[in-house]
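Remarks on the structure that follows.
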Amino acid sequence: MTPPSKPSTSIAVFTSDLRLRDNPVLHAALRAADRVVPLFVVDRRVAAAGFAVPNRVAFLRDCLADLDAGLRERGGRLIVRTGDAVEEIRRVAEQVDAGEVHIAGGVSAFAGRREARLREALGGALRVHGAVLTAAEPGTVTPSGKDHFAVFTPYFRAWQGVELRRPFAAPRGVRVPPGVRSEPLSALSLLGSGSPSPGLPEGGERAGRRRLDAWLRSGLGAYADRQDDLAGDATSRLSPYLHFGCLSPVELVHRARKSGGPGADAFVRQLAWRDFHHQVLAARPDASHTDYRPRGDRWRSDDAAVAAWKAGRTGYPIVDAGMRQLAAEGWMHNRARLLVASFLTKTLYVDWRVGARHFLDLLVDGDVANNQLNWQWVAGTGTDTRPNRVLNPLAQARRFDPDGTYVRRWIPELADLPGRQVHTPWTLPDPERTALPYPPPIVDL
């Protein structure tokens, strides 16, 4: 009589793909073995590098709790370990005699080093999956003779022709081998402490899918006309869920295209911009901290001006409203991101890295590829074909917040000013201007 064979085991390493639906990493791990270890490693080096900030740690805690709950509903659980990611993955693989270890490919220098070390530690057992964190995998859409597209428009034309894979359903069941030690989610305290922004959204796949369903139902159709409407707040607000992988970009593209119409086209274009930045960073990892296209800029050092910009006290209400929204919500409307970045780099002529670091300190969707390369685009050192572009804050205010509703929402000391007057409080008569608890402009345009 032949003895029963030992159950095979694989590992699904979760990184920035904290979801059950359309997760190629988990899907492949389940297909490869009878049992799967769903593993997340709290890597202290993330904190050491300055990326574990209160807003993202709080959102991550929600994401992991939701992921664990979803796995438990399917008979499994999330295994959480702390320490060096490669060492912990290797230890778990040895303990359970894993035949395969599955992980999503990344584009940052950190992800590249992690993958290289995992290949050395695990050899042929490592399986790296593409099109997990992006819709089109970086490197699959390239111009002839080059490793990446440096300009968005030709990239977008090529990207539209890519046949995306079909999304995977969430697994019905997950069997985890017994005896695998897991640490509590309180281990995230190793990433640091601090209070998150008061208006931080709830994290997790279920929260993301509720927001996605509501957006597709009532927001997508008008997106083409309203995406820059600051007061209307008509964007999807899905970026935190994309950053942490609670939602699949592949699924979002498919669902938006199924809805159809100008709004869907505009939304898909934004998803393509996200992929574009990831393929740039994949090809040029140093663009996270060095100029993609050096222009010989001689940036000014002005600590007082930077402090005023960070605090939302520049004296330009539309700029200050954006910065105060960032502090309050850990998020900012995309149009506001562009204009506050232009104000710092083009009006104050402060190095884009100063602004990019402040954004990463607060943004719950703080993604290295999108954050750093959008800052470079605005600063004129990145992929913009018009490097001298300047966004005048007054013109931007008149166009995208014509009635001043966005400014009044975030700058209560100006709430009583009528109409467009809220954008230029310095033009009030002296007695009224002096009585306002709001600073004069720190610089003349």
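Taking every C-alpha pair closer than 8 Å and separated by at least 6 residues, the mean separation divided by the residue count of the chain gives a relative contact order of 18 percent. Surface composition of region 155-256: carbon and sulfur make up 48 percent of the accessible area, probe 1.4 Å.
Protection proxy ranking, highest mean first, for peptides 140-152, 368-380: 368-380, 140-152, where packing is the per-residue count of other beta-carbon atoms within 10 Å, averaged. Across the options GLY366, TRP331, SER342, the greatest Cα extent toward the positive end of the charge dipole of region 323-445 (unit charges at beta carbon of Lys, Arg, Asp, Glu) belongs to SER342. Of the solvent-accessible surface of region 358-413, computed with a 1.4 Å probe over protein heavy atoms with every protein chain present, carbon and sulfur atoms account for 49 percent.
If the chain linking VAL128 and GLN421 were pulled fully straight, counting 0.36 nm for each residue of separation and taking away their Cα-Cα distance, it would gain 99.9 nm. Helix 317-329 axis versus longest C-alpha principal axis of the chain: approximately 30°, rounded to the nearest ten. Using the beta-carbon distance between ARG31 and ALA65 and R0 = 22 Å, what value does 1/(1 + (r/R0)^6) give for FRET efficiency, to the nearest 0.05? Result of the calculation: an efficiency of 0.25. Give the calculated FRET efficiency between ARG72 and ASP265 to the nearest 0.05, with a Förster radius of 41 Å applied to their Cβ-Cβ distance. The value I calculate is 0.55.
Taking amide hydrogens as placed 1.01 Å from N in the peptide plane, the amide H of GLU100 sits under 5 Å from those of ILE11, each at least 5 positions away in sequence or on another chain. Counted residue by residue at 0.36 nm each, then reduced by the alpha carbon distance between them, the extension gain from ARG157 to HIS289 reaches 44.7 nm. The residues packed around GLN396, meaning those with a beta-carbon under 11 Å from its beta-carbon, carry a net charge of +1 if Lys and Arg are +1 and Asp and Glu are -1. Rounded to the nearest 10 square angstrom, TRP426 shows an accessible area of 80 square angstrom against a 1.4 Å probe.
Relative intensity of region 303-435 on a log10 scale, I(q)/I(0) at q = 0.10, 0.17 Å⁻¹, equals -0.31, -0.88, per a Debye sum over C-alpha point scatterers of equal strength in the absence of solvent.
Lys and Arg at +1, Asp and Glu at -1: add these up for the other residues within a Cβ distance under 10 Å of GLY232 and post the number. Neighbourhood net charge equals -4.
Which of these values of Rg and Dmax of the Cα atoms in Å was calculated from the structure shown: (i) 29.4, 96; (ii) 27.5, 104; (iii) 23.4, 99? Correct label is (iii).
Ordering PHE14, ALA49, GLY382 by the projection of their Cα atoms onto the charge dipole of the chain, which places +1 on the Cβ of Lys and Arg and -1 on the Cβ of Asp and Glu, puts PHE14 at the extreme positive end.
Coupling constants for region 224-233 follow from the phi torsions by the Karplus curve (6.51 cos²θ - 1.76 cosθ + 1.60, θ = phi - 60°), and in residue order they are 4, 8, 10, 5, 9, 6, 4, 5, x, 6 Hz; glycine and proline get x. With respect to the chain, whose longest principal axis is taken over its alpha-carbon atoms, helix 368-379 is tilted by about 20°. The value of relative contact order for region 1-132, using C-alpha pairs under 8 Å at least six residues apart, is 33 percent. Counting only protein heavy atoms and a probe of 1.4 Å, the accessible surface of region 1-132 is 49% carbon and sulfur. For the chain, the solvent-accessible area works out to 43 Å² per residue, with a probe of 1.4 Å and every protein chain left in place. For region 340-445, averaging the sequence separation of C-alpha pairs within contact (under 8 Å, six or more residues apart) and dividing by the residue count gives a relative contact order of 18 percent. Quick one: helix 54-73 against the long Cα principal axis of the chain, what's the angle to the nearest 10°, folded into 0 to 90? It works out to around 30 degrees.
The values are calculated or read from the model by the stated rules, or taken from the named source; none is laboratory data. Since we're looking at a predicted model, the values are computed, not measured. A quick note on method: Cβ atoms are made from the backbone with ideal geometry, for glycine too, and the neighbour counts reach across all protein chains shown. The area values use the complete protein model at the heavy-atom level, side chains included, leaving out ligands, DNA and RNA. Shrake-Rupley method; radii C 1.70, N 1.55, O 1.52, S 1.80 Å.
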